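Quick note: the coordinates plus some simple rules give every number you see, no bench work behind them. Just so it is clear, the structure is predicted and the values come from calculations on it, not from any experiment. As a convention, Cβ positions derive from the backbone with ideal geometry for all residues, glycine included, and neighbour counts pool all protein chains shown.
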Amino acid sequence: MRVLDRLQPLALLILRLSLGASMTGHGYLKVFHGLSQHAHMVASLGIPAWLGYVSAFVELLGGIALVVGVFTRGAAFLVCVDLAVAIWKVHWHNGLFSPAGFEFPFALATIAFALIFFGAGPISLDHVFRSGGSAPKAK
């Protein structure tokens, strides 16, 4: 349907905003209310502790980038990797639907994966920077 096709930019915006808000919230809590605890938890999983700092800032800054729609594909890639590691090392053994299961991080990783390939869409700073701030010209 043509109406649905015209709404695709809105769909990409909603995907970006929902993923970005969730990642920003999780990253904010880690960075400003427990950064060293997060790094210690990451180290307890057999991953170098410094990657705990990286993951916290990927969540915070990557989430902000997704909300704004800047560096969307790169931010989505880093968020997708962050969530894949979280699923593998933290949530997988809890199953899909348990309270600590991987259902929610898997859904977020799926959104991030889609944004890697679809990009931010026309309602984003990526689009403004790429097109020089002007609307595409009709042919």
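Would you be so kind as to identify which of MET1, LEU15, THR72 lies farthest towards the positive end of the dipole of the chain, taking Lys and Arg as +1 and Asp and Glu as -1 on Cβ and the Cα centre as origin?
MET1
As a check on your grasp of the helix formula, calculate [θ] at 222 nm for the chain: sum -39500 (n - 2.57) over DSSP H runs of n ≥ 4, divide by the residue count, round to the nearest 500. Each step should come with its number before you reach the end.
Details: 7 runs with 96 residues, N = 139.
Theoretical 222 nm ellipticity from helices: -22000 deg cm²/dmol.
Angle between the Cα long axis of helix 35-44 and the longest principal axis of the chain, 0 to 90 degrees, nearest 10?
70
Treating only the Cβ of Lys, Arg, Asp and Glu as charged (+1, +1, -1, -1), what charge dipole size does segment 11-130 show about its Cα centre? Round to the nearest 20 debye.
Numbers: 5 positive and 4 negative charges, 25 e Å.
The calculated dipole for segment 11-130 is roughly 120 debye.
Let me check against my output: what whole-number percent is the relative contact order of segment 1-53, with C-alpha pairs under 8 Å and at least 6 apart? Please list the in-between numbers first.
Details: 22 pairs, mean separation 11.7, N = 53.
So the answer I get is 22 percent.
Give me the angle, in degrees from 0 to 90, between the Cα long axis of helix 72-86 and the longest principal axis of the Cα atoms of the chain, rounded to the nearest 10.
Roughly 30 degrees between the two axes.
Indicate the gyration tensor shape class of the chain (rounded, prolate or oblate), computed on the Cα atoms with a ≥ b ≥ c the square roots of the eigenvalues: a/c under 1.5 is rounded; otherwise a/b larger than b/c is prolate and the rest oblate.
On the way: a/c = 2.95, a/b = 1.84, b/c = 1.61.
Prolate is the answer for the chain, as a/c is 1.5 or above and a/b outweighs b/c.
I want to make sure I understand the PRE zone here: with the label point 7 angstrom from the Cα of VAL70 toward its beta carbon, which residues in segment 11-40 have backbone N atoms less than 13 Å away?
No residues fall inside that zone.
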